[in-house]
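Read-outs: derived from the displayed coordinates by stated rules, not from any lab. What you see is a predicted model, and the numbers here were worked out from it, not measured in a lab. Note: ideal-geometry Cβ built from the backbone for every residue, glycine included; neighbour counts use all protein chains shown.
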Amino acid sequence: MTTERVHRFSRRTREAALGYLLVLPSLLIFGTFVFYPFFRNFQLSLYRTPPFPNLPKRYVGFQQFHDILGSAEFRNSLKVTLLFAVMSVPTGIILGLILAVVAHQRLRGITIYRTIFSSTVATSVAVASVIFFTLLNPAIGLLNYWLGRGHAPSPLDDPKWALVAVAGVTVWQNLGIAFILMSAGLQAVPDELLESARVDGAGVWSRFRNVTLPLLSPTLFFATVVGGILAFQAFGQIDLLTKGGPNGHTNVLVYAIYTSVFRDNDTGKGAVLAIALFVITLVLTLVQLRFLERRVQYER
Amino acid sequence: MSADVMLATLTPGFQRFLVVIALLVVAAIVLAIVSAKATPHTARRASAVNRYLLLTMLALIVLFPIYVTVVNSLLRPDVIGHRPPTLFPTHPLWNTYSSAWSDGHLGRYLFNSFFVTLLIVIGQIITAVLAAYAFAFLAFPLKRFIFVLFLSTLMVPAEVTFFTNYQTVSSFRNVPVLGTIAGYNTYGALVVPFLATGFGAFLIRQAFMSLPRDLRDAAALDGYGHWRFMTRVAVPLARPAIASLALFSFFGAWNQYLWPLVVTNDDNHRTVQIGLRQLAGASVDRINVTFAGTILAALPLFVLLLVFQKQLVRGLTAGAVKG
């Protein structure tokens, strides 16, 4: 009996040891590149970076949060990022939905169209940005020419249009994934339901409005929240298209973090901005989890 | 600002452009209604034509930027600026592509991107499968807490931690082995921070948990240890989830921009996304090479899309759609 207990005990210990061994690689990476920098941000945010290098950093506590989060620059960044999200996310989803509805039919050769509609998933932010940067170039850009702007400066240099242009590029780049998502959502709508609505005399619009759209709402919600989170992380298109300009009109949050650290060497400010970005992401993620929880309850 | 004030400030050309777009949209809606109303007997053929017209119109709009880029990549730089623009290259210059490949370093950038992406995908699958196995099949103290730690990493986007990680990676310079493997401007710096994934571990844990519980007992009776059960039973059965993870991490790694931008500074290590940034800064007389480079940079994923479209759609939408 004793031997058996010893044996069982050691087996449990070995199982636990194996468990720790298996999660260890991930934990090492997370510890070094997720948790450490996360807490380091909080530490950095309490110290003011001196105006000249080689001077010691000065502890200022929460004063720095107060100064930076209250500054006009931060309010501008927040406004610009929010505007960017509001302009790009719903537009992308609606256009993706339109394409998905049009491609949701049985036709010979429809797969070719589906491939074309999803084709922009093959473009990265950088590819899309470089394509449109040159299309909007005043000297050679076709789009600038057709927009009737002739040799006027690119919309990317125009305070009124820069953010619109950046959002437009983003919408085009995300069209593929939006189409794929919405198509999958449409495919999950049972045909029998639409058929019986048709038998009941519901028209095209009424079927879409009363059958398809409600059943599509989880997909739409998912796309909105994830799109919103990603919009708040936008950086590449700003770096390639506008560098935050003209005059801060496209200075989104992540670009502001980037310039404060890599141009101004102000890690204190970068840390405060990064924490602000974290809080925004957290709120959006919690909204999503909250919703997913509710959906699971519906199913049961 | 009211709507008509905004319209008045628009240049005439832009109004023309808007009119064209509006006409296209109206035509699309009319076509859609006509094809929806058409009865099977009278107008089946007409309706099919309408549908194809609508689909083709939309396809042209979506593809237009890519088409123009391909055309411009084949033109002489001075022809690109001509008005009215050339929309079909009569004398294509194919050598812009070889020029982008070698002089524009596209060959090197693409290799770097593939290499880095491959390491990240393989690394993420390995760490995620290992951790997921522990969470699904093993009992150990603090398991729940560690699992929550894994999930909490999903709340911290890389955009929040990138400059502190940049400092960490830069500080590796003074450490003997680490500096050459994962220091600033090395492949390791591009790969190592992404070798673990909370999302992937969660995804595969769910797949493992959905396997019948008897499976483990049966395998144990057959004398399978944990290692053999994992590699011969659990992993093969979780293949769809692993494929999904591979796809996500491939896209994530391939499209990375911010991190490669801050931790690389030479062409030997730059990924294709950062390479494009270099290329975009080229002078106007080499702008066709920039266009060619952009096409080359997009081509690998485009080919993947053509070959794996079905799997791609299934993998990318996993979790987003009910059922």
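When Rg and the Kirkwood radius Rh are both evaluated on Cα atoms of segment B:227-323, their ratio Rg/Rh stands at 1.13. Per residue, the Cα convex hull of the protein assembly as shown amounts to 211 Å³. Remark: C-alpha extents of segment B:106-316 on the principal axes read 71, 45, 29 Å, sorted largest to smallest.
One decimal place: the segment B:LEU87-B:PHE115 gains 6.4 nm when fully extended, by the rule 0.36 nm per residue minus the C-alpha distance. Spin-label model, A:ARG11 to B:LYS143: label points 7 Å out along the Cα-to-beta-carbon direction sit 1.5 nm apart. Toward the positive end of the charge dipole of the protein assembly as shown, with +1 on the Cβ of Lys and Arg and -1 on the Cβ of Asp and Glu, the farthest Cα among B:ALA253, B:GLY281, A:LEU44 is that of B:ALA253.
Once backbone amide H atoms are built at 1.01 Å from N, A:TYR47 has A:VAL60 as its partners under 5 Å, excluding neighbours fewer than 5 places away on the same chain. Placing dummy labels 7 Å off each Cα toward the beta-carbon, the span from A:TYR20 to B:ILE61 is 6.0 nm.
How charged is the neighbourhood of B:ALA219? Take every other residue with its Cβ under 11 Å from the Cβ of B:ALA219, and add Lys/Arg as +1 and Asp/Glu as -1.
Values: positive: B:ARG216, B:ARG228, B:ARG232; negative: B:ASP214, B:ASP217, B:ASP222.
Local charge sum for B:ALA219: 0.
Using a 10 Å cut-off around each Cβ of peptide B:71-78, what is the average number of partner chain Cβ atoms that fall inside? Before the final figure, lay out the partial values.
Numbers: counts 1, 6, 0, 0, 1, 0, 1, 1.
That works out to 1 on average.
The calculated 222 nm mean residue ellipticity attributable to helices in chain A amounts to -23000 deg cm²/dmol, summing -39500 (n - 2.57) over DSSP H runs of n ≥ 4 and dividing by all residues. Identify which of A:ARG11, A:ARG198, A:ARG58 has the largest mean-square fluctuation in a Gaussian network model of chain A, with springs joining Cα atoms closer than 10 Å. Result for chain A, Cα springs under 10 Å: A:ARG11 fluctuates most. A dipole drawn for the protein assembly as shown from +1 and -1 charges on Cβ atoms has a positive end, and of B:SER99, A:PHE208, A:VAL254 the residue lying farthest that way is A:PHE208. The modelled label-to-label distance for the pair A:ASN247/B:LEU151, using points 7 Å beyond Cα in the direction of Cβ, is 4.8 nm.
Per residue of B:195-202, other chain Cβ atoms within 10 Å of the residue Cβ number 3 on average.
Would you tell me the mean number of C-beta atoms belonging to other protein chains that fall within 10 Å of each C-beta in A:174-181, as a whole number?
Numbers: counts 0, 2, 3, 4, 0, 2, 7, 5.
That average works out to 3.
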